[in-house]
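Enquirer: One structure, as structure tokens, below. Some questions next.
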Amino acid sequence: MAHAAVMTTPANRELGAGVYNEKLGMWVFLGSEVMFFTALIGSYIILRFANPGAFGAPGQVLNVPVTAVNTFLLICSSVTMVKAFAAAHDGEMQKMKYYLLATTIIGAAFVGVQVYEYTHLIHEGFLPSGIRPGSHLAELAEAGQLGLGVADPGVAGVYGSSFYTMTGFHGFHVTCGVICMSFVTIKAFRGGYTQADHRGIEVVGLYWHFVDLVWIILFTIVYLI
Amino acid sequence: MATAALAHDAAGHHGDAHELSFIRKYIFSTDHKIIGIQFLLMSLIFLGIGGFAAMMIRWQLGFPGEAFPGGALLPETMAPGGIVLPEFYNSLVTMHGTLMVFFAVMPLLVGVFGNFLIPLKIGAPDMAFPRLNMWSFWIAVPAGILMMAGFFVEGGHAAAGWTSYAPLSAIGEYSGVYTGQQIWLLSLAMLGLSSILGATNYITTVVNLRAPGMGWFRLPLSIWALFVTAILVLLAIPILSGAAIMLFFDQTIGTHFFDATGGGQPLLWQHLFWYFGHPEVYILILPAMGVVSDIIANGSRKPIFGYHSMVYAIIAIAFLGWIVWGHHMFQSGMNPSLGMTFMISTLLIAVPSAIKTFNWMGTMWRGQLNFHVPMLHAITFVSMFVIGGLSGVFMASTPVDIYIHDTYFIVAHIHYVLFGGSLFAIYAAVTFWYPKMFGRLMDPFWGKVHWILTLIAFNVTFFPMHTIGAQGHMRRIYDPNQYEFLQPLQGTNTLITIGALVLFGSQFIFILNFVISWFTGAKASANPWDDNGLEWTVPSPPPHGNFATVPNVYHAPYEFSSPLVEEDFLPQNRKLDGTVGSADTPAAG
Amino acid sequence: MGWLLPPSASTYAGDIDFLYYLILVITGIAFVIVEVGILWFVVRYRARPGGRAEYTHGNMRAEVIWTAIPAVTVVALGIMSAGVWNDVKGRHSVPDDALAYGLHAQQFEWHFTHPGADGQLDTSDDITVRNQLHVPVNRPVWIRMRSEDVIHSFFVPAFRVKQDVVPGMVTQVWFEATETGEFEIACAELCGLGHYRMGATVTVHSAEDFNAWVAAQALAAQAQ
């Protein structure tokens, strides 16, 4: 079935982007988000190239297996998001509702795992300011087991600084996404979306995929490399 | 204003305008015109505060050791006996720059004219996202209040310059400022969010809501400039947000992004800040160039000379503005080879600016010049901005910059482009669109008095700064007399201060004219300037929804003195059999 | 005074000043063209009753000319500037026979470490002096600079020397003084409360006087 009028460009206007306002607006906004994460990730790359010894070897400080599972979860939530939008497009509103619910729950789970990882890392002694003196990680650092190239773990401050800032702000963006996703899911269950007009689902979906993409980049350069 | 808004608004939404309470209509308004006026009122207040900060700076430099008039009212932590303390001086310098850039000039150009002009001039009923627009303003207000709160915290306000270089700004022990510096960052983060939401709105609106016939190359240059500026805002402000967050964390939770002792890099702050900061100054000048183009064409009764080149020049300036940031860092310790590359890109950016300057002159050439107050300010923009641009060539040359970096030569350049440029353009634009905003005209006599006093006092204040800079007078120093080589410059400093005092005082003429005309100014017709823009085809002020029917656009934006019609202007929507164009297709949705 | 630069006393000051004056002339010409042009137009093209403006949208040839001339001019300026920049700040700009000094900047003073009688830095006869720099005339001097705390900027107006001093980095500067005498040093980067009073002095000695000064410092150090 053809797209309903409201999910195309505004009528009686000079030809613009060819997409409805909310969708264009979200793409534009995501442009600003790209620049925001560029500032954080770019700084991380610069600091790491300048002082590679201040950054622990992959897997020595951070828990790669758990985070890998978490990454898989987030990717799954993007899949359910796509399926929700497709269901709306095809008029299968029941399916759409449950896929939206799944996306919300998986997204919340991702945040939960992140919070768990943070508490564990802090307990081990990995702080935004670096490695806490006297902590378990400090002992490992002194024994040369963290893959740090610097003698004084105090100089590893930038590792903690950049890790928590980048992943923390990503987590904040996911949390905002989960909140928006909850609103969308509730609206869906109340019958607020139709096959003719499900703009909110597409727009929040765009944001969701963006947040997922940022995570894939972060996971790769922070955890794997 | 109230009566026009209560009339049937466009597109037949009869119910809304009548039922809205005063609060929904004027306080938490979603109407782009009201929001534009809200930004105008807020920004003028901050322009005054920022100017007042400058007066205290200049008093210290012009009359060192003498009490500032009324200074006894200030607390002992700032100015005991009315004499500014060195720590407060550093805060004044910081806050003058901060308030002027973020809370005066940027909102005056982008918040006021972006909001007010875009829907009207493209033939749209409002912005794409009116409620988001309301949020843009109402996030900016607490940002401004928070910024002012910084004056009242222990340790005083931020004092590391508007550029906030780390580690001075990151570590409180170095500056004596703790909370103030944090407030500065939080306030700017909030303001940044407001700007990003606004930019999203402007871009979506210009792309998707242009009236039929308003193709890209029929857009007035003010709209082109605001559109390109919005893209700059979208891409540059988030960089500042990211950097501000990192600096805030350095200050509060012990991260080490910019702190060498923890593995961080002070130069990283400079790269991030200027990667934002240089596009920011183009954000501050491009809309000014845009409105000046509209006004010069109107005042010359001629099409803009080289419209297409003007568009490409706007785009070129915006694009080149991304690859010149390092010219603020020539002497920073960054790799000298980078100095070479940034010098080339910086010198190149002179070219599109030159094109625009000559095109403005070309517009005036063989025109029928009408020196209404907006035209006076617009012509002044061109002549003052040129001085600012030319002074920029000195600092673009890296070896010359060795000498003039961080001297008053730079301060002269900044003020010729930001005051001589942006602020004169703002005066032109406010005067020009005032009748459309308020339904009355500003008094032209007092407008001319304000203009000539400002022009003279501005030059008395800022031209000598080139010369003291050439003598090596550094920036941001509380007492130049500490240095023997600067002592002979005291006389010039005093002259500059006198100019500044007259300059500040003259602005009250503008404020009074602005306020009084609101109540007793001559009533304005729909098109008091005989202009071609779509905004002049609707009443002054326009009703909610702007246009009764969607306009059809037939002409380029600057068809003055067209041979096709007897009048010397041709509104963009005028169908040439004499009837005003109406929508060819019934309004959908 | 005015737009004229103050007297200079170093070898490369002349090159820097030359560029400044060249740019002054070029921008001066542009300034006159534009401002006189605007004034001329304002007078000549004032609206007259019954007059009508010329209906034209531009002139491609004029645009090409006023694009090409500024473009060529700035490129030429860039090339000329590049050479001087390389000589003053380039990676290999420091002359091989430069006398090596150290500078430790802090809030709000400068600590200069002089190489001492052996002419070598980081030896036992180094002399560290607060807020005073002593150099011989007509001999290149190379200073490696560190900061204790925040960013400062080492500025000697008479030598046309300026270089930021950044914590966590070693920055460098070199110059060759051409006249004896005392010259002021200033801090040129906002560094806190005392930024405005972070001055110092560089004394340029004749060769004999310089050796005498160095010897006197050595004696004073022994006496302690």
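Enquirer: Using the structure shown, decide if residue B:482 is farther than 29 Å from residue B:430 by Cα and within 12 Å of another protein chain (Cβ to nearest Cβ). It would help to see each step written out before you state the result.
Expert: Details: farther than 29 Å from residue B:430 by Cα: yes; within 12 Å of another protein chain (Cβ to nearest Cβ): yes.
Yes, satisfied.
Enquirer: For residue B:273, all conditions in the list (1) within 14 Å of chain C (Cβ to nearest Cβ); (2) surrounded by fewer than 22 Cβ atoms within 10 Å (Cβ to Cβ); (3) within 25 Å of residue A:39 (Cβ to Cβ) hold save one; what is the number of the exception?
Expert: (2)
Enquirer: Filter the range B:247-272 down to residues that are more than 27 Å from residue B:322 (Cβ to Cβ) and assigned to a loop (DSSP other than H, G, I, E, B), then give me how many there are.
Expert: From the range B:247-272, those more than 27 Å from residue B:322 (Cβ to Cβ) are B:251-256, B:259-263; that's our starting set.
After this cut, where a residue has to be assigned to a loop (DSSP other than H, G, I, E, B) as well, the list is B:253-256, B:259, B:263.
The total comes to 6.
Enquirer: Test of understanding: among C:147, C:153, which residue is touching a residue at least 40 places away in the same chain (Cβ under 8 Å), small (Gly, Ala, Ser) and surrounded by 17 or more Cβ atoms within 10 Å (Cβ to Cβ)? Give the steps one after another, and end with the answer.
Expert: Details: C:153 fails: touching a residue at least 40 places away in the same chain (Cβ under 8 Å).
Selected residue: C:147, the only one of C:147, C:153 that is touching a residue at least 40 places away in the same chain (Cβ under 8 Å), small (Gly, Ala, Ser) and surrounded by 17 or more Cβ atoms within 10 Å (Cβ to Cβ).
Enquirer: Right, something else. Which of the residues spanning the range B:328-386 are at the interface with chain C (Cβ under 7 Å from one of its Cβ atoms), among the β-branched types (Val, Ile, Thr) and touching a Ser or Thr at 6+ places or on another chain (Cβ under 9 Å)?
Expert: The answer is B:351, B:355, B:382, B:386.
Enquirer: State whether the residues of the range B:389-401 include one that is crowded, with 23+ Cβ neighbours inside 10 Å and more than 10 Å from chain C (Cβ to nearest Cβ).
Expert: No, every residue in the range B:389-401 fails to be crowded, with 23+ Cβ neighbours inside 10 Å and more than 10 Å from chain C (Cβ to nearest Cβ).
Enquirer: I'd like to check something: does the range B:447-459 contain any residue that is under 30 Å from residue B:491 (Cα atoms), more than 23 Å from the chain's Cα centre (by Cα) and within 14 Å of another protein chain (Cβ to nearest Cβ)?
Expert: Within the range B:447-459, not a single residue is under 30 Å from residue B:491 (Cα atoms), more than 23 Å from the chain's Cα centre (by Cα) and within 14 Å of another protein chain (Cβ to nearest Cβ).
Enquirer: Here's a follow-up. Any residue at all in the range C:48-68 that's within 8 Å of chain B (Cβ to nearest Cβ) and in contact with a strand residue (DSSP E or B) (Cβ under 8 Å, 6 or more places away or on another chain)?
Expert: Step one: of the range C:48-68, the residues within 8 Å of chain B (Cβ to nearest Cβ) are C:48, C:51-59, C:62-63, C:66-67.
So of that shortlist, the ones also in contact with a strand residue (DSSP E or B) (Cβ under 8 Å, 6 or more places away or on another chain) come out as none.
The answer is no; no qualifying residue exists.
Enquirer: Another question, if that's okay. Consider only pairs whose beta carbons are under 6 Å apart and that are at least six residues apart or on different chains; among these, list those whose first residue lies in the range B:490-504 and is farther than 17 Å from residue B:473 by Cβ and whose second residue is assigned to a helix (DSSP H, G or I).
Expert: So the pair list comes out as B:502/B:457; B:503/B:457; B:503/B:458; B:503/B:461; B:504/B:51; B:504/B:55.
Enquirer: Show the residue pairs that are 6+ apart or on different chains and have beta-carbon atoms under 8 Å apart, the first residue being within the range B:328-343 and under 10 Å from residue C:82 (Cα atoms), the second being of a type in the set (S, T, N, Q).
Expert: Every condition considered, the pairs that remain are B:339/B:398; B:340/B:398; B:340/C:86; B:343/B:397; B:343/B:398; B:343/C:81.
Enquirer: With respect to residue B:223, is the statement that it is hydrophobic (A, V, I, L, M, F, W, C), more than 10 Å from every other protein chain (Cβ to nearest Cβ) and under 18 Å from the mean Cα position of the chain (by Cα) true?
Expert: Details: hydrophobic (A, V, I, L, M, F, W, C): yes; more than 10 Å from every other protein chain (Cβ to nearest Cβ): yes; under 18 Å from the mean Cα position of the chain (by Cα): yes.
Taking the combined requirement at face value, the residue satisfies it.
Enquirer: Can you list the helices (runs of 4 or more DSSP H) lying wholly within the range B:349-449 that have 2 or more residues being within 27 Å of residue B:54 (Cα to Cα)? Give the derivation first.
Expert: Working: elements: B:350-364, B:373-396, B:398-404, B:408-417, B:424-438.
Fully inside the range B:349-449 and qualifying: B:373-396, B:398-404, B:408-417, B:424-438.
Enquirer: Conditions first: (1) in contact with a Lys or Arg (Cβ under 8 Å, 6 or more places away or on another chain); (2) buried (at least 21 other Cβ atoms within 10 Å of the Cβ). Residue B:479 passes all but one, so which condition is the exception?
Expert: (2)
Enquirer: Just give me the residues in the range C:8-32 being in contact (Cβ under 8 Å) with a residue 24 or more places away in the chain and out of contact with any helix residue (DSSP H, G or I) (no Cβ under 7 Å at 6 or more places or on another chain), in sequence order.
Expert: Once the filter is applied, which keeps residues that are in contact (Cβ under 8 Å) with a residue 24 or more places away in the chain and out of contact with any helix residue (DSSP H, G or I) (no Cβ under 7 Å at 6 or more places or on another chain), the range C:8-32 yields C:11, C:17, C:22.
Enquirer: For the range A:26-37, state whether one or more residues are out of contact with any Pro (no Cβ under 6 Å at 6 or more places or on another chain), modelled with pLDDT of 95 or more, assigned to a helix (DSSP H, G or I) and of a type outside the set (A, V, I, L, M, F, W, C).
Expert: Within the range A:26-37 (the criterion being out of contact with any Pro (no Cβ under 6 Å at 6 or more places or on another chain), modelled with pLDDT of 95 or more, assigned to a helix (DSSP H, G or I) and of a type outside the set (A, V, I, L, M, F, W, C)), the answer is yes, since at least one residue qualifies.
Enquirer: Hey, another quick one. Does residue C:188 fit the bill of being crowded, with 19+ Cβ neighbours inside 10 Å, under 13 Å from the mean Cα position of the chain (by Cα), within 14 Å of another protein chain (Cβ to nearest Cβ) and not acidic (Asp, Glu)? Full working, then the answer.
Expert: On the way: crowded, with 19+ Cβ neighbours inside 10 Å: yes; under 13 Å from the mean Cα position of the chain (by Cα): yes; within 14 Å of another protein chain (Cβ to nearest Cβ): yes; not acidic (Asp, Glu): yes.
Yes: the conditions hold for residue C:188.
Enquirer: Among C:163, C:120, which is the only one that is surrounded by fewer than 17 Cβ atoms within 10 Å (Cβ to Cβ) and not assigned by TED's automatic domain parsing to the domain that holds residue C:85? Quick ask: steps written out before the conclusion?
Expert: Details: C:163 fails: surrounded by fewer than 17 Cβ atoms within 10 Å (Cβ to Cβ).
The conditions single out C:120.
Enquirer: Could you tell me whether residue C:173 is within 17 Å of residue C:102 (Cα to Cα) and assigned by TED's automatic domain parsing to the domain that holds residue C:112?
Expert: Values: within 17 Å of residue C:102 (Cα to Cα): yes; assigned by TED's automatic domain parsing to the domain that holds residue C:112: yes.
Yes.
Enquirer: Condition first: more than 7 Å from chain B (Cβ to nearest Cβ), touching a Ser or Thr at 6+ places or on another chain (Cβ under 6 Å) and among the small types (Gly, Ala, Ser). Now tell me which residues in the range A:13-47 satisfy that.
Expert: The one that is more than 7 Å from chain B (Cβ to nearest Cβ), touching a Ser or Thr at 6+ places or on another chain (Cβ under 6 Å) and among the small types (Gly, Ala, Ser): A:18.
Enquirer: Please state which one of B:552, B:573 is within 11 Å of another protein chain (Cβ to nearest Cβ) and touching a residue at least 60 places away in the same chain (Cβ under 8 Å). Quick ask: steps written out before the conclusion?
Expert: Details: B:573 fails: within 11 Å of another protein chain (Cβ to nearest Cβ).
Residue meeting the stated conditions: B:552.
Enquirer: Sticking with this structure for a sec: So residue C:109 passes all but one of these: (1) farther than 24 Å from residue B:469 by Cα; (2) surrounded by fewer than 18 Cβ atoms within 10 Å (Cβ to Cβ); (3) within 14 Å of chain B (Cβ to nearest Cβ). Which condition number does it fail?
Expert: Exception for residue C:109: condition (1).
Enquirer: Being touching a residue at least 12 places away in the same chain (Cβ under 8 Å), within 9 Å of another protein chain (Cβ to nearest Cβ) and under 27 Å from the mean Cα position of the chain (by Cα) is the filter here; which residues of the range B:465-479 pass it?
Expert: B:466, B:467, B:474, B:475, B:476
Enquirer: So which residues in the range C:152-210 are β-branched (Val, Ile, Thr) and either on the phi > 0 side of the Ramachandran plot or not in a loop (DSSP other than H, G, I, E, B) (or both)?
Expert: C:156, C:161, C:165, C:171, C:173, C:185, C:201, C:202, C:203, C:204
Every residue, every condition in (1) away from chain C (no Cβ under 14 Å); (2) touching a Ser or Thr at 6+ places or on another chain (Cβ under 6 Å); (3) outside any helix (DSSP H, G or I), yes or no:
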{"site": "B:195", "(1), (2), (3)": "yes, no, no"}
{"site": "B:201", "(1), (2), (3)": "yes, no, no"}
{"site": "B:212", "(1), (2), (3)": "yes, no, yes"}
{"site": "B:217", "(1), (2), (3)": "no, no, no"}
{"site": "B:238", "(1), (2), (3)": "yes, yes, no"}
{"site": "B:243", "(1), (2), (3)": "yes, no, no"}
{"site": "B:278", "(1), (2), (3)": "yes, no, no"}
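Enquirer: State which residue is nearest to residue A:49 (Cα to Cα) when the search covers only the range B:247-268 and only residues that are β-branched (Val, Ile, Thr) and more than 9 Å from chain C (Cβ to nearest Cβ). Reasoning before the result, please.
Expert: First pass over the range B:247-268, keeping only residues β-branched (Val, Ile, Thr): B:252-253, B:255, B:261.
Filter again for more than 9 Å from chain C (Cβ to nearest Cβ), leaving B:252-253, B:255.
On the way: B:252: 25, B:253: 24, B:255: 18 Å.
Only one residue tops the list, namely B:255.
The values are calculated or read from the model by the stated rules, or taken from the named source; none is laboratory data. The structure presented is a predicted model; accordingly, all values stated were derived computationally and were not measured. Note: ideal-geometry Cβ built from the backbone for every residue, glycine included; neighbour counts use all protein chains shown.
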